[in-house]
Amino acid sequence: MAWLRPCWPRCAALRWRPGGAAWAPQPGKAPGAAPRGPRLPRGGRGLRTASAGLGEVPLTSERYQVRRLPFSQLGPRDVAFFQRLLPGRALTEPAALEPCNVDWLRSVRGCSKLLLKPQTTAEVSQVLRYCSERNLAVNPQGGNTGLVGGSVPVFDEIILSTVLMNRIISFDTVSGILVCQAGCVLERLNEYLEQQGFIMPLDLGAKGSCHIGGNVATNAGGLRLLRYGSLRGTVLGLEVVLADGTVLDCLASLRKDNTGYDLKQLFIGSEGTLGVITAVSILCPQKPKAVNLAFLGCQNFSQVLETFTTCRAMLGEILSAYEFMDEKCMELVEKHLKLSCPVRDSHFYVLIETSGSSSTHDEEKLNSFLEQAMTSGLVTDGTVATDDKKIRVLWSLRERITEALTHDGCVYKYDISLPVGKLYDLVTDMRARLGQSAKNVVGYGHLGDGNLHLNITAESYSHSLLDAIEPFVYEWTAKYNGSISAEHGLGFKKKQFIQYSKPSEAIFLMQRFKAMLDPKGILNPYKTLPSSS
């Protein structure tokens, strides 16, 4: 049975094919089989670096005119100490340092001369104690998949990588609580849990590369937030090493613990500026027994919104994801990645995932919703997949948009939270503002969470284009009581704009927390918070 096909011509009579994986027109009106979707590359869904033929990335300090803070310079004695502490894991070779000095978007670059790869919390503690005594700045780094320049040095900070801290410590199959080191790759954790009948509560396009410690440090949102909530709810405990080497063991495996302040919340979303996360305790949901994915076409954003309202009401507890993307996104995915979109002639596309415990029950609910969406004119075309491989192919159309954008030129990325009804207005206004000065202005994101990913591409980096975008994008967002960072964090690129989302009193209190926990400012300097006067 064909699974991906133009499932219905507009205004065609429809029926659900029982036990199948696609909508189909009534007999006698079949449009013919469509080509099968593309196969994903092996090795998971890690972000692919857009490096070929792009030349050297300018130093962040020079492009953005940053002044180096008065940290000590790394010397031969320092290198010798670290090489004794971490035999074979304190690297100074340019080939080892180069990929860690540049973000995967190739938009920022530091010049660190030392890469450290500890394996234990005790080693991280000794590293930070020494760096604190010597006043050496440190850049914690996980999978280096961040999008705001928070994961690479600005100057010569020592890179502290968690790549070898990849051990699963324990998993309780009764409670569903996983305890693991911070360097575990998200996709590997999910594969391990699936064997136990569970999944991670977090899913990202970068799952094949990102580390759980980095996910927590940036409070990553992702594709499952609509169903399972944010990491602020699912993370039960953390082990963190503070700037002076003190190990803070709050690695609780309890769903209820109401004793004193919830200190772990300070470090979730702190982007490595308050401490280095070395281990995580996280609550994991059971693996759904039935998963369906619908990929639908809508003609305008009002229909996208109404489709969401309808599916939330009709699908209820089985709705696990609701993503949207505009036609420009699909054009770039098809052009640069050679993926095939199964739905044609739509201005917007919607991806709806259901997950539950009964395939019959879920298919009945999905069938009813799709009938309603089609007969009411909200949806003009679509396809449905139930097989895991085919689901992954459909998901790739959404997950690989970021990758496609990197092939379109220099990318200016904005991760915005807005009232859902205003979500796409920002894209429309930005297109009108930039006109021909931008190559493409696209919008996509997690509509169920009110999270827009606004992306603007140009042939090359331009200060004048950046000035046209910023601070307009932040002023627009603040006007509608939105947030300038929904899930990517502030990092290096957005720290000076935090005032558009937080009052001065809140920013001052954050700076006081930073000064208390990291008085010398050695942890991930130049990131997250604006420079205090």
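For the reader, a short list of remarks on this structure follows.
- Spatial separation of Cα centroids for region 301-338 and region 158-213, in angstrom: 28 Å
- Structure-based [θ]222 nm, the chain - -39500 (n - 2.57) summed over DSSP H runs of at least 4, per residue, nearest 500: -8500 deg cm²/dmol
- Structural size metrics of the chain, computed from C-alpha coordinates, are Rg and Dmax of 23.7, 80 Å.
- Sequence of 344, 512 when ordered by accessible area, the most exposed leading, probe 1.4 angstrom: 512, 344
- Whole-Hz ³J(HN,Hα) from phi, Karplus 6.51 cos²θ - 1.76 cosθ + 1.60, for region 260-275, glycine and proline x: x, 6, 8, 5, 4, 5, 5, 8, 5, x, 7, 6, x, 8, 10, x
- Annotation: per residue accessible area for the chain equals 42 Å², rounded to a whole number [probe 1.4 Å, protein chains only].
- Packing-based ranking, highest mean first, of 228-237, 518-527 given that Cβ atoms within 10 Å are counted: 518-527, 228-237
- For residue 117, the shell of other residues with beta-carbons less than 12 Å away shows a net charge of 0, using +1 for Lys and Arg and -1 for Asp and Glu.
- Here the accessible area is traced with a 1.4 Å probe on the protein chains. For region 168-283, carbon and sulfur cover 50 percent of it.
- Note on region 78-184: antiparallel DSSP beta bridges, both residues inside, total approximately 55 percent of the bridges counted.
- Phi to ³J(HN,Hα) by Karplus 6.51 cos²θ - 1.76 cosθ + 1.60 over region 89-94, Hz, x for Gly, Pro: 10, 10, 9, 10, 5, x
- Whole-Hz Karplus values for region 190-200 come out as 5, 5, 4, 5, 4, 5, 9, x, 10, 9, 6 Hz, taken residue by residue from phi with 6.51 cos²θ - 1.76 cosθ + 1.60 and θ = phi - 60°; glycine and proline positions read x.
- Carbon and sulfur %, accessible surface of region 409-491 computed with the full protein complex present, 1.4 Å: 48 percent
The values are calculated or read from the model by the stated rules, or taken from the named source; none is laboratory data. Just so we're clear, the structure is a prediction, and the values are computed from it rather than from any experiment. Backbone-built Cβ (ideal geometry, glycine too); neighbour counts: all protein chains shown. SASA here: full protein model, heavy atoms, side chains in, ligands and nucleic acids out. Shrake-Rupley method; radii C 1.70, N 1.55, O 1.52, S 1.80 Å.
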